[in-house]
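K.L.:
Quick one: the structure is below, questions incoming.
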Amino acid sequence: MRFHPSEEQLAIQEALKRTLADILPADRLHKLVDGNQQFDRNSWDALMALGLGAIALPEAQGGSGLRLLDLAMAVEVLGQRAVPGPIAQHVVVGLALSRCSNEVARAKWLHGLASGETIATMALGGEWLPESWQVKAEGGKLKGSVRFVPGGATAHLFLVGTVGGGLALAELEAGITVTPNHASDQTRASASLVFDGATATILFEPGDPAVARLFDAALVLTAADALGGAQHCLDVSVSYAKERVQFGQPIGRFQALKHQLATMALEVEPTRALMWYAAYAWDANLPDARRAAAMAKAHIADRFVSVTRAAVAAHGGIGYTWEYGLGIWLRRSIFDRAYLGSPAVHRSRAADLAGW
């Protein structure tokens, strides 16, 4: 039994890191955020050229045939670099198409999703959980609205949560009105969508167990993004403590800051195993997979917020400045905490799933 990443998984992460260092350096990320750009085509195309859109799709459908764990470790790198765009949502839409029984829909859209030519996102709505979704799918048409859709102003294809916990696909067309939201996290700008007679392609009917599986996959990927962001905040805080000199010595030698950095490390490192196990449990379809996904999302998203705030404090005054950049990850942490349900919601679900 392996308790560490394989050489292939580490190679995937390294390839992503090298590509993002070239295509999305810190100054370019700042320009994108400061310019309120909804989407960065350059970084999107570079990641899709590496095969990110197809990493967890079956080989028979043109994918790499890897697992959710491999995909989650890739998304962890995206969280470290604060990569803009609805990438996690996009790959979940690909998972949905690959697992549905609608062969016509799969033939029509899956290739474009795998290559990244077609941009997709998730429009779930309600209070995030499948039982709260509110868009009606009747007579092949969608009726209703979804307020917070990551990448909604950029996407061509939407995976829509329907009443009772079903999933349908809708292409951007006249029956869909898209209104960009004023977003705190500019790396994942959202939009509000109104469906008024848009054509619906049903992938999963309400009550289909595949819907819960896909929702859990989205939880795991959100947790992976949060883990990557928390790791970045820890890394830059340790580097700053080694470089910043005060009273003739690096501030990392001061005991109070040592304790603060040690606490941050203790918050980050255990979450890695939590995310790995949640992804592994999903891949193996273990009995506790749903509970593991809920716990990973709840705990890691909480730790991301905590570590990001601690990183700002560890930097002193410069950590509060917009130019330094920690604010980008602070805003991402708030997004990850709220997206798909708060930690309190998922801790309650985990307790219910455990029979407590």
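To keep it simple, each residue is scored yes or no on (1) farther than 22 Å from Pro130 by Cβ; (2) not polar (S, T, N, Q).
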| residue | (1), (2) |
| --- | --- |
| Pro206 | no, yes |
| Val245 | yes, yes |
| Gly252 | yes, yes |
| Tyr277 | yes, yes |
| Asn285 | no, no |
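K.L.:
Same structure again: Of the residues Asp208, Asp235, which single one is farther than 30 Å from Glu269 by Cβ and open to solvent by 50 Å² or more (accessible area, probe 1.4 Å)?
P.N.:
Details: Asp235 fails: farther than 30 Å from Glu269 by Cβ.
Just a single option satisfies the conditions, and that option is Asp208.
K.L.:
Could you run through region 76-104 and say how many residues are part of a loop (DSSP other than H, G, I, E, B), within 14 Å of the chain's Cα centre (by Cα) and not small (Gly, Ala, Ser)?
P.N.:
Here is the first cut: in region 76-104, the ones part of a loop (DSSP other than H, G, I, E, B) are 82-86, 100-102.
Going one step further and asking which of them are within 14 Å of the chain's Cα centre (by Cα), we end up with 82-86.
Next cut, not small (Gly, Ala, Ser) only: 83-84, 86.
Counting residues in region 76-104 that are part of a loop (DSSP other than H, G, I, E, B), within 14 Å of the chain's Cα centre (by Cα) and not small (Gly, Ala, Ser) gives 3.
K.L.:
Then there is this: His259 fails exactly one of the following numbered conditions: (1) of a type outside the set (Asp, Glu); (2) open to solvent by less than 30 Å² (accessible area, probe 1.4 Å); (3) over 25 Å from the mean Cα position of the chain (by Cα). What is the number of that condition?
P.N.:
Here His259 clears every test but (2).
K.L.:
Can you tell me which residues in region 146-180 are more than 16 Å from Glu117 (Cα to Cα), touching an Asp or Glu at 6+ places or on another chain (Cβ under 7 Å) and not in a strand (DSSP E or B)?
P.N.:
Correct list: Gly165, Gly175.
K.L.:
Right, something else. State the number of residues belonging to region 272-288 that are of a type in the set (Gly, Ala, Ser) and open to solvent by 10 Å² or more (accessible area, probe 1.4 Å).
P.N.:
If we filter region 272-288 for residues that are of a type in the set (Gly, Ala, Ser), which is where we start, we get 273, 278-279, 281, 284.
Going one step further and asking which of them are open to solvent by 10 Å² or more (accessible area, probe 1.4 Å), we end up with 273, 284.
Number satisfying all stated conditions: 2.
K.L.:
If the requirement is being among the hydrophobic types (A, V, I, L, M, F, W, C), open to solvent by 10 Å² or more (accessible area, probe 1.4 Å) and either at pLDDT 95 or above or closer than 20 Å to Gly53 by Cβ (or both), which of these qualifies: Val163, Val149, Val77? Before the answer, list the steps.
P.N.:
On the way: Val149 fails: open to solvent by 10 Å² or more (accessible area, probe 1.4 Å); Val77 fails: open to solvent by 10 Å² or more (accessible area, probe 1.4 Å).
Criteria check complete, one pass: Val163.
K.L.:
Would you point out the residue of region 59-74, among those that are part of a helix (DSSP H, G or I) and at pLDDT below 95, that is most open to solvent (accessible area, probe 1.4 Å)?
P.N.:
Among them, the one singled out is Glu59.
K.L.:
Right, Leu227: outside any helix (DSSP H, G or I), in contact (Cβ under 8 Å) with a residue 60 or more places away in the chain and open to solvent by less than 50 Å² (accessible area, probe 1.4 Å) or not?
P.N.:
No: the conditions fail for Leu227.
K.L.:
So, one more: Say whether the condition of being touching a Pro at 6+ places or on another chain (Cβ under 7 Å), in contact (Cβ under 8 Å) with a residue 12 or more places away in the chain, open to solvent by 20 Å² or more (accessible area, probe 1.4 Å) and part of a helix (DSSP H, G or I) is met by at least one residue in region 337-347. It would help to see each step written out before you state the result.
P.N.:
Let us first name the residues in region 337-347 that are touching a Pro at 6+ places or on another chain (Cβ under 7 Å), namely 337.
Subsequent filtering for residues that are in contact (Cβ under 8 Å) with a residue 12 or more places away in the chain retains 337.
Subsequent filtering for residues that are open to solvent by 20 Å² or more (accessible area, probe 1.4 Å) retains 337.
From the residues that got through so far, the ones that are part of a helix (DSSP H, G or I) too are 337.
For region 337-347, residues touching a Pro at 6+ places or on another chain (Cβ under 7 Å), in contact (Cβ under 8 Å) with a residue 12 or more places away in the chain, open to solvent by 20 Å² or more (accessible area, probe 1.4 Å) and part of a helix (DSSP H, G or I): present.
K.L.:
Oh, and also: Looking at region 129-146, which of its residues are on the phi < 0 side of the Ramachandran plot and open to solvent by 30 Å² or more (accessible area, probe 1.4 Å)?
P.N.:
The answer is Glu131, Gln134, Lys136, Ala137, Glu138, Lys141, Lys143, Ser145.
K.L.:
Continuing with the same structure: Please identify the pairs in which a residue from region 254-276 that is modelled with pLDDT of 95 or more has its Cβ atom under 6 Å from the Cβ atom of a residue that is among the basic types (Lys, Arg), counting only partners at least 6 apart or on another chain.
P.N.:
Once the first residue is modelled with pLDDT of 95 or more and sits in region 254-276, its partners that are among the basic types (Lys, Arg) give Glu267/Arg303; Thr271/Arg303.
K.L.:
Right, another one. In region 116-134, what residues are closer than 16 Å to Leu214 by Cβ and of a type in the set (A, V, I, L, M)? Spell out how you get there, then give the answer.
P.N.:
Let us first name the residues in region 116-134 that are closer than 16 Å to Leu214 by Cβ, namely 120-126, 128-133.
Hits for region 116-134 are Ala120, Met122, Ala123, Leu124, Leu129.
K.L.:
Another question, then. Sort through Leu95, Leu10 and tell me the only one that's open to solvent by less than 10 Å² (accessible area, probe 1.4 Å), closer than 23 Å to Asp283 by Cα and aliphatic (A, V, I, L, M).
P.N.:
On the way: Leu10 fails: open to solvent by less than 10 Å² (accessible area, probe 1.4 Å).
Among Leu95, Leu10, only Leu95 is open to solvent by less than 10 Å² (accessible area, probe 1.4 Å), closer than 23 Å to Asp283 by Cα and aliphatic (A, V, I, L, M).
K.L.:
Would you mind telling me which numbered condition in (1) more than 19 Å from Gly112 (Cβ to Cβ); (2) assigned to a strand (DSSP E or B); (3) among the hydrophobic types (A, V, I, L, M, F, W, C); (4) in contact (Cβ under 8 Å) with a residue 60 or more places away in the chain Ala212 fails?
P.N.:
Single failed check for Ala212: (2).
K.L.:
While we're here: So Gln38 clears everything in (1) in contact (Cβ under 8 Å) with a residue 60 or more places away in the chain; (2) out of contact with any Pro (no Cβ under 8 Å at 6 or more places or on another chain); (3) not hydrophobic (A, V, I, L, M, F, W, C) except one condition, right? Which one?
P.N.:
Condition (2) is where Gln38 drops out.
The values are calculated or read from the model by the stated rules, or taken from the named source; none is laboratory data. Keep in mind that what you see is a predicted model, and the values were worked out from it rather than measured. For neighbour counting, all protein chains shown are included, and Cβ atoms are generated from backbone atoms with ideal geometry for every residue, glycine included. Surface accessibility is based on the protein's heavy atoms, side chains included, excluding ligands, DNA and RNA. Shrake-Rupley method; radii C 1.70, N 1.55, O 1.52, S 1.80 Å.
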